[in-house]
């Protein structure tokens with residue numbers, strides 16, 4: 001069977017996190033089976049672990065009626081372990097079904113620690129499928145559940161592991177998935193300032209003969225222009241913030257990406273749910289240096305999302321401010337420790353909006 005490697009060590013595996021907090025059980029055989037399955041998993045013997053967990057599941061079926069909460073909890077643990085084997089190197093049929101069954105039962109039981117582990121396992125599963133939007137959704141749910149575990153439950157180790165993976169998923173989502181991104185806005189502070197624009201994106205150089213050779217033209221005589229762009233077979237109008245012509249200047253250091261909009265955090269700036277924005281990014285990997293008044297896409301270290309807001313520098317502070325009719329959206333202020341430092345990563349700078357015709 002196909003092998004996958006998604007954990008740097010067994011200590012990151014959901015099965016080990018479940019083993020650190022054994023399910024309540026008075027049955028010694030169950031406890032021994034669970035420990036044996038865990039050990040086989042640590043030894044990367046997924047096929048043997050699966051046989052042990054199957055035996056434990058059969059035992060759970062015989063322990064008591066299906067309505068017994070203790071037995072249902074044991075079943076949920078085993079379902080999660082069986083599903084997790086696909087993440088530990090041994091792909092098993094029905095992995096996602098077992099993970100979902102375990103997560104659902106833990107949720108019903110009210111066991112927040114185990115529920116958080118199951119959500120974490122689902123996130124890791126979807127990372128093997130490179131479905132980054134689902135990955136982040138399950139990681140964020142896991143963090144939310146674990147934050148409310150209560151009862152003196154120590155979830156710090158597990159939460160730290162989920163946070164690390166969530167940040168990584170956020171970056172991969174930006175690079176590959178290019179999913180819907182909240183909180184994007186143009187520099188305009190009013191919908192009335194929106195203008196339809198012409199996009200210039202390829203330079204035209206002089207003439208080149210089809211006959212005798214001539215020197216390569218070095219003077220730009222014009223640009224290839226368009227006033228709309230097709231996205232998913234639908235025409236979108238180019239909307240500029242401060243002019244009717246927008247020029248994309250491609251170079252080895254600079255490139256552009258288009259991202260869809262989701263949410264209302266910039267609805268007072270003329271950006272609506274379903275619009276698209278063009279962002280200028282650094283192809284070379286060097287950091288962008290925005291100026292006050294620019295609108296930037298920022299990856300905040302304490303949040304899984306990337307947000308685009310107006311960039312403003314004030315003395316020893318940097319402020320990211322939304323432009324929204326929704327009062328729930330607040331500006332964020334960050335301390336600047338050195339003259340040129342920015343306390344978050346700038347992903348891109350806003351260029352234009354694309355709105356469905």
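The modelled label-to-label distance for the pair residue 227/residue 204, using points 7 Å beyond Cα in the direction of Cβ, is 1.7 nm. Remark: spin-label model distance residue 254-residue 130 equals 3.0 nm, labels positioned 7 Å along the Cα→Cβ axis.
Footprinting exposure proxy ranking of 156, 333, 265, fewest other C-beta atoms within 10 angstrom first, gives 156, 333, 265.
What's the exposure ranking of 120, 350, going from fewest to most Cβ atoms within 10 Å? Let's see the in-between values first.
On the way: 120 29, 350 24.
With the fewest neighbours first, 120, 350 line up as 350, 120.
In this simple spin-label approximation, residue 291 and residue 154 carry label points 7 Å from Cα along the Cα→Cβ vector, and these lie 5.4 nm apart. Once the chain from residue 321 to residue 97 is taken as fully extended at 0.36 nm per residue, the excess over their C-alpha distance is 76.4 nm. Annotation: peptides 162-168, 97-103, ranked by per-residue average of other Cβ atoms within 10 Å with the highest first, follow the order 97-103, 162-168. With neighbours defined as other Cβ atoms within 10 Å of a residue's Cβ, the residues 346, 319 order from fewest to most as 319, 346. Compared with the alpha-carbon gap, the fully stretched path from residue 336 to residue 300 is longer by 11.5 nm at 0.36 nm per residue.
None of the figures in this text is laboratory data; all of them are computed from the coordinates on show. Being a predicted model, the structure only gives us computed values, none of them experimental. Cβ: placed from backbone, ideal geometry, glycine included. Neighbour counts: every protein chain shown.
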